[in-house]
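Nothing in this text is a laboratory measurement; each read-out follows from the coordinates by a stated rule. Since the model is a prediction, treat every value here as computed from it, not as a measurement. Backbone-built Cβ (ideal geometry, glycine too); neighbour counts: all protein chains shown.
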């Protein structure tokens with residue numbers, strides 16, 4: 001039996017895997033020690049658990065355990081990477097390279113540095129699939145460039161960037177390469193050695209772990225990357241991030257990585273199949289549906305489409321027992337439509353009409369059928385109500401109309 | 001953000017959805033908003049020679065509150081004289097639908113749609129010349 005509401009917003013967050021929860025529970029009650037307590041068994045027990053989690057997390061990106069710095073989440077990891085590098089390497093240069101479709105945690109960290117006069121930033125454009133051109137990265141490099149920060153895969157449209165090529169360029173030019181890999185880790189193979197990544201942000205709750213825990217991978221050799229901390233205190237995490245370790249969160253994050261690593265290949269196939277099933281059903285039943293993002297270089301569980309002539313929020317309202325998200329302005333705090341979709345150079349109204357389906361480990365084929373059915377029905381209903389659909393049917397070119405906003 | 005019961009009701013059961021023939025001399029058509037802003041409302045009013053709004057139809061591309069605002073407006077204006085309808089303020093719509101502050105622009109757009117439709121009717125009737133809305 002299908003249970004509603006159906007959750008299909010797994011890029012926003014994922015439920016905690018029951019196996020992860022089982023691993024965490026003892027650390028709330030009997031094994032509650034502070035991992036920094038060096039003089040009793042409670043502390044040792046916690047320290048050992050953190051050490052195991054560090055191994056598990058390092059394992060999923062082919063890093064060494066000591067290269068994992070625990071944080072409160074990927075936003076903090078991005079802040080630490082970008083601000084930490086800009087500060088530490090300020091005598092070497094002050095130029096950063098990023099791209100326009102990065103997560104706000106990256107973009108706003110860059111903007112904060114610009115505002116303080118601590119950096120100049122190049123925001124690279126993306127192509128119509130949302131992909132950054134490695135050649136553009138190469139050309140943007142100056143003798144003042146200290147950091148390249150490009151995400152592994154986009155959180156809205158799922159496009160996977162040519163990370164390995166960018167990593168090579170960074171290595172050749174001896175520039176630190178940071179990668180926000182929140183959406184990629186545990187979903188597709190990520191290897192900091194092969195990919196040439198020096199700093200990598202990741203998060204627990206995107207991979208069926210708990211919220212409030214993340215990590216920053218900091219390369220220790222070839223080259224050793226240095227950072228100025230943004231949180232000062234007791235000198236935890238090799239001085240890069242002070243604060244008592246979130247042992248329960250870290251244990252869960254570790255367990256989540258262990259599971260994700262073991263199941264990655266099978267899960268990626270499963271999610272790709274579900275995604276293709278959803279895409280096929282929507283495209284067969286509806287006209288004027290447009291795929292946002294790359295047709296093939298895309299996260300397995302991601303499907304982002306625009307239903308022309310239908311506003312995204314109104315569609316979400318119609319499918320109220322299905323949890324998905326929209327790039328519509330009305331669903332964002334800023335009342336601006338998705339900057340990611342707009343960066344693709346498509347028509348502005350298609351950003352308002354975009355819906356992101358984020359499939360995850362616990363979705364089923366039955367749920368996909370149900371969601372496709374609900375969405376199809378609602379899009380048809382709303383199109384009957386849409387003056388734009390009517391005008392398009394009458395053969396009016398919407399671009400020729402002088403709108404009075 | 002949750003929606004008020006009235007917004008939900010209009011969204012789920014929109015009143016007077018549809019279109020009148022644009023070239024009908026008794027029909028005034030108002031199209032306001034822009035697709036790139038995420039809101040377009042088309043309001044059509046059938047107005048008697050005496051200036052009484054006899055019927056109304058709408059089609060809206062926009063969020064649930066925009067759909068609800070236009071649906072409500074079609075009910076509100078029916079039977080009113082155009083002078084009365086011209087005096088309708090967006091605050092009436094805000095109050096009826098319990099719109100939150102971020103959705104006030106939907107009610108403003110609905111108010112604009114009434115004015116645009118009436119002014120289009122006046123143009124038809126030769127009351128006051130007005131520029132065509134479409135090139």
- Task: For peptide B:27-39, compute the average count of partner chain beta-carbon atoms within 10 Å of each residue's beta-carbon.
- Result: 6
- Query: Considering only DSSP beta bridges whose two residues both sit in the protein assembly as shown, what percent are antiparallel, to the nearest 5?
  - Reply: 70
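Where does each of A:5-13, A:157-165 land if you order them by average Cβ count within 10 Å, highest first?
A:157-165, A:5-13
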- What translational D, rounded to a whole number of µm²/s, comes out for the stretch A:1-132 from Stokes-Einstein when the hydrodynamic radius is the Kirkwood one over Cα pairs, at 4 °C and 1.567 mPa s? 70
- Message: With bins 5 Å wide starting at 0, give me the P(r) of the stretch A:18-259 over every alpha carbon pair, in whole percents.
- Response: 1, 7, 15, 19, 19, 16, 10, 7, 4, 2, 0, 0
- Query: Helix A:163-172 versus the longest principal axis of chain A: what is the Cα-based angle in degrees, 0 to 90, to the nearest 10?
  - Reply: 50
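Å³ per residue of the Cα convex hull, for the stretch A:103-174?
Details: hull volume 6.3 nm³, N = 72.
Spread over its residues, the Cα hull of the stretch A:103-174 gives 87 Å³ apiece.
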- Item | Overall dimensions of the stretch B:5-123 by Cα: Rg and Dmax, Å | 13.0, 38
- Note on the structure: Kirkwood Rh for the stretch A:183-311 from C-alpha pairs, in Å, is 17.6
- Message: Test of understanding: ordering A:217, B:3, A:270 by Cβ neighbours within 10 Å, fewest first, what list do you get?
- Response: A:270, B:3, A:217
- Query: Among bridges DSSP assigns within the stretch A:18-259, what percent are antiparallel (round to 5)?
  - Reply: 40
- Note on the structure: Going from the fewest other Cβ atoms within 10 Å to the most, one would list A:91, B:112, A:369 as A:91, A:369, B:112
- What's the exposure ranking of A:145, A:120, A:262, going from fewest to most Cβ atoms within 10 Å? A:262, A:120, A:145
- Note on the structure: In whole percent, the Cα-Cα distances of the protein assembly as shown spread across 10 Å bins from 0 upward as 4, 17, 23, 21, 16, 11, 6, 2, 0, 0
- Note on the structure: Checking rank on A:19-29, B:7-17, with mean other Cβ inside 10 Å and highest first, the result is B:7-17, A:19-29
- Per-residue ellipticity at 222 nm attributable to helices in chain A (runs of n ≥ 4 DSSP H, -39500 (n - 2.57) apiece, nearest 500 deg cm²/dmol) works out to -12000 deg cm²/dmol
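Of all DSSP beta bridges located in the stretch B:5-123, what percent are antiparallel, nearest 5?
95
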- Message: Can you give me the angle between helix A:74-88 and the longest principal axis of chain A, using Cα atoms only, in degrees from 0 to 90, rounded to the nearest 10?
- Response: 60
- For the stretch A:239-330, the convex hull over Cα atoms projects on average to an area in nm² of 9.9
- Task: Beta carbons within 10 angstrom, averaged per residue: use that to sort the peptides A:305-317, A:230-242, A:391-403, highest first.
- Result: A:305-317, A:230-242, A:391-403
